[in-house]
Amino acid sequence: RGWTVQRPIDLPKKEILMMIGADVYHKRGKESVAAVVASIDPDFSRFVSRSCVQPKNGQEVMTNIAQTVLELVQKFKDLNKRIPTTIVFFRDGVGKGQYEDVKRLEVGKISHELKMQYGEQAPKLDFILVNKRINDRFYQDGTDRNGKKCTVNPESGTIVENHCTSDTHRDFFMVAQNVTQGTATPTHYTFLQKESSFEDDTIFSMTYFQTFNYAGWAGPVKVPAVCQHAHKLAYMIGETNKGEVHPCREQ
């Protein structure tokens, strides 16, 4: 068994949870590459990946994502002899101007294909956009090295869920990383769909715990592990790929 992070206490034991992270890498003069990484065990310690070259350079929306999710769910079933009851999908790299396109072409198609394939047994889908490139900053009261009162970076695990959040979308901010120099940049999470019955605190702890699950760093990163893995995979293939990615590529 590899790197393992404790399962959140408030996550119901009856839930068979699958986490998916997705990102698209763009570079001028190179093909855009989409990468999807999914957990395939109850401890979120094993992962499987899919990657492909986008039909058009610079294309952000993943038009084949529904079929990819079906493949990943089938892989989960092959290994666990059952399908997940809930899928939490973290989608990185989407700007606000693309929310509706992603909701229609990614979220809508994934939900449709899951219901067509599994009927009433289809996994519930929570689809969350992840945005790291934001201008928002948060501070809290603290003291400097000399004991003088001042404003400092928020502690690791700080959640902001009201007052400065959206009026049109369900969202929250999280500062997962522990920043001792410079200014901490929060990560903004926005729900495009929520079908699960998870309480907000369950979503928060689930997301925070998974920022510790990236084995490439000793501590929390800014986003859940599946999202960081997808980002790294898309980047590596985008920088080195010389042709079409093999359709059955797994990790």
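The values are calculated or read from the model by the stated rules, or taken from the named source; none is laboratory data. The shown structure was predicted, so the numbers you read here are calculated from the model rather than taken from an experiment. For neighbour counting, all protein chains shown are included, and Cβ atoms are generated from backbone atoms with ideal geometry for every residue, glycine included. These accessible areas exclude ligands, DNA and RNA; they are computed on the full protein's heavy atoms, side chains included. Shrake-Rupley method; radii C 1.70, N 1.55, O 1.52, S 1.80 Å.
Within region 1-26, the set of residues being at pLDDT 85 or above, in contact with a Phe, Trp or Tyr (Cβ under 9 Å, 6 or more places away or on another chain) and part of a loop (DSSP other than H, G, I, E, B) comprises GLU15, ILE16. Among the residues making up region 142-161, those that are part of a loop (DSSP other than H, G, I, E, B), open to solvent by 80 Å² or more (accessible area, probe 1.4 Å) and either more than 23 Å from GLY97 (Cα to Cα) or modelled with pLDDT under 90 (or both) are ARG145, ASN146, LYS148, GLU155. Only one of the numbered conditions (1) within 26 Å of PHE198 (Cα to Cα); (2) part of a strand (DSSP E or B); (3) among the charged types (D, E, K, R) is not met by LYS103, and that is (2). Within region 76-98, the set of residues being under 19 Å from the mean Cα position of the chain (by Cα), within 20 Å of LYS124 (Cβ to Cβ) and not hydroxyl-bearing (Ser, Thr, Tyr) comprises PHE76, PRO84, ILE87, VAL88, PHE89, PHE90, ARG91.
Here is a check on your reading of the model: is PRO55 modelled with pLDDT of 95 or more and part of a loop (DSSP other than H, G, I, E, B)? When the stated conditions are applied, PRO55 does not pass them.
Selection of first residues in region 164-181 that are in contact (Cβ under 8 Å) with a residue 40 or more places away in the chain and open to solvent by 30 Å² or more (accessible area, probe 1.4 Å) and of second residues that are in a strand (DSSP E or B) and not hydrophobic (A, V, I, L, M, F, W, C), restricted to Cβ pairs under 8 Å at least 6 apart or on distinct chains, gives the following pairs, ordered by first then second residue: HIS169/THR190. No other residue among LYS132, LYS115, LYS149, LYS109 is in contact with a strand residue (DSSP E or B) (Cβ under 7 Å, 6 or more places away or on another chain) and closer than 30 Å to THR63 by Cα apart from LYS132.
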